[in-house]
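Just so you know, all these numbers are worked out from the coordinates, no wet-lab data involved. Since the structure is predicted, the reported quantities are computational estimates derived from the model, not experimental observations. Counting neighbours? That spans all protein chains shown, and the Cβs are built from the backbone with ideal geometry, glycine included.
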Amino acid sequence: MSPTARIQIEESDIISFHKYEWPENFEARIHELQQFHRPILCSEFMARGAGSTFDTILPIAQKYHVALINWVWSKEEARPICPGIHGSVPMLRRNRRSGSTTCFMKRKAIPDA
């Protein structure tokens with residue numbers, strides 16, 4: 001661990017992280033962070049294509065008492081919105097079988113200055 005990362009951990013009241021990988025990797029990251037004896041919060045984790053889903057991640061988080069945040073952008077229950085964030089373009093993908101709508105961000109090309 002770099003000196004900067006060590007200071008960040010030692011001076012933090014809680015540890016937060018993002019993990020968009022398979023459940024085994026999510027659990028391994030929790031084990032790495034438990035050594036610092038701080039409350040742990042995973043603020044982003046959903047990536048179905050990488051095996052990170054509610055049904056795989058929630059039981060692991062519960063087992064280790066890790067808090068989770070699930071970000072949802074919606075204006076009305078039936079109308080999801082996706083604001084552009086940090087140079088991203090909002091995109092919606094509709095699942096024809098289930099009828100659900102997924103919001104994701106696609107990076108905009110940034111022209112050279």
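For the reader, a short list of remarks on this structure follows.
- In the range 1-77, the chymotrypsin sites (Phe, Trp or Tyr not before Pro) that fall in loop regions by DSSP, at most 16 other Cβ within 10 Å: Tyr20, Phe36, Tyr64, Trp71, Trp73
- Computed label-point distance, nm, for sites Asn70 and Glu11 using a 7 Å Cα→Cβ extension: 3.5 nm
- Summed residue charge, Cβ within 13 Å of Asn25's Cβ, Lys/Arg positive, Asp/Glu negative: -2
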